[in-house]
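Visitor: The structure's right below; bear with me while I get my questions together.
Bear in mind these aren't lab numbers, they're just calculated from the coordinates by the rules spelled out. Every value quoted in this text rests on a predicted model; they were computed, and no experiment measured them. Cβ placement follows ideal geometry from the backbone for every residue including glycine, while neighbour counts extend to all protein chains displayed.
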Amino acid sequence: MGRTIRLVMLAALAAAPLLAASPAEAQRRERNPVFRNLSVDITRGGDLDVDFREYGLARGANVELRLRAEVRAVYRCATRAGVVTGGQGDRRIVRQYVSERSTLRADREGRIVGSFTLEAPPAATFCSRDRRPVLVRVTFDDVTLRDVTNNVAVRLEGRYSERLGNRYNPFVVFDRRDDDGDHGDRFRIE
C-alpha cells in the first residue's frame with residue numbers, strides 16, 4: 001500500500017503545475033505577435049502615413065518597430081507665378097530607400113497602436129535661378145513594417161503612388177510621363 005500511495009503522490013505533484021496554470025496564463029506563454037488594421041495614406045505633402053495595431057505582445061513590453069520603403073519622387077521646375085516648365089531638363093527623379101524606427105510600449109492587453117510617417121526625399125537644386133523644384137508625384141514601393149524585437153514583419157502589397165496638387169500644381173495635369181519617359185497612367189493608389 002505504501003508504494004501505491006507514493007505513486008499517486010508523485011503523479012499529483014507532477015500534474016500540479018499543469019492544473020495551476022489558468023487559461024490566461026497559458027495564452028500569455030503562447031504569444032504570437034501579429035499586425036492588424038493597417039491603413040496607408042499619402043499626404044498632400046507627399047509623405048506616406050501608415051497606421052497600425054500589433055496584437056499578441058507581452059504586457060508592457062518595449063518593442064522596436066521599423067517601417068521601410070523604396071520611394072521615387074518626381075520634381076518639376078516652377079516659376080514664382082506657378083507656371084511649370086515642360087522640358088525634360090526641368091524634371092528630376094529622386095530614388096532612395098527611406099526608413100523610420102521607433103520603440104513603443106505595449107499596453108495592459110499586450111497591444112500597440114501606432115503610426116509612422118515616411119517623408120519624400122528632397123530634391124537637389126537643379127532648376128534655374130528664377131525657378132524652384134516642386135514635388136509633383138511620389139511613389140512608394142516595397143513598404144515593409146517590421147517588429148524587430150519579435151522578428152515579425154508584414155509587407156504592404158501594391159504600389160502607393162499619388163500626383164500632388166499644390167499651389168504650383170493646382171490641377172495635377174502636367175506630369176504625363178512615367179519615370180522611364182513613356183506615357184504614363186493616372187498614378188492612382190493601387
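Visitor: Pull up region 103-162, narrow it to residues that are of a type in the set (Lys, Arg) and in a strand (DSSP E or B), then point me to the one that is surrounded by the most Cβ atoms within 10 Å (Cβ to Cβ).
Guide: Out of the qualifying residues, it is Arg137.
Visitor: Mind listing just one residue for me: the one in region 48-75 that is among the basic types (Lys, Arg) and over 13 Å from Arg163 (Cα atoms) and, of those, surrounded by the most Cβ atoms within 10 Å (Cβ to Cβ)?
Guide: Among residues in region 48-75 that are among the basic types (Lys, Arg) and over 13 Å from Arg163 (Cα atoms), the one surrounded by the most Cβ atoms within 10 Å (Cβ to Cβ) is Arg68.
Visitor: Given the residues Arg44, Arg66, which is the only one that is among the basic types (Lys, Arg) and closer than 20 Å to Asn151 by Cβ?
Guide: Only one candidate qualifies: Arg66.
Visitor: Answer yes or no: is there a residue in region 117-136 that is out of contact with any Pro (no Cβ under 6 Å at 6 or more places or on another chain) and at positive phi.
Guide: no
Visitor: List the residue pairs whose Cβ atoms are under 6 Å apart, where the first residue sits in region 113-137 and is more than 29 Å from Arg53 (Cα to Cα), the second is hydroxyl-bearing (Ser, Thr, Tyr) and surrounded by 13 or more Cβ atoms within 10 Å (Cβ to Cβ), and the two are 6 or more positions apart or on different chains.
Guide: Cβ pairs passing all conditions: Ala123/Tyr75; Arg131/Thr79; Pro133/Tyr75; Val134/Tyr168; Leu135/Tyr75.
Visitor: Can you find a residue in region 82-94 that is exposed (fewer than 13 other Cβ atoms within 10 Å of the Cβ), in contact (Cβ under 8 Å) with a residue 24 or more places away in the chain and farther than 27 Å from Tyr160 by Cβ?
Guide: no
Visitor: Right, next: Which of (1) loosely packed, with under 15 Cβ neighbours inside 10 Å; (2) within 19 Å of Gly158 (Cβ to Cβ) does Gly45 not meet, given it meets every other one?
Guide: That leaves (2) as the condition not met.
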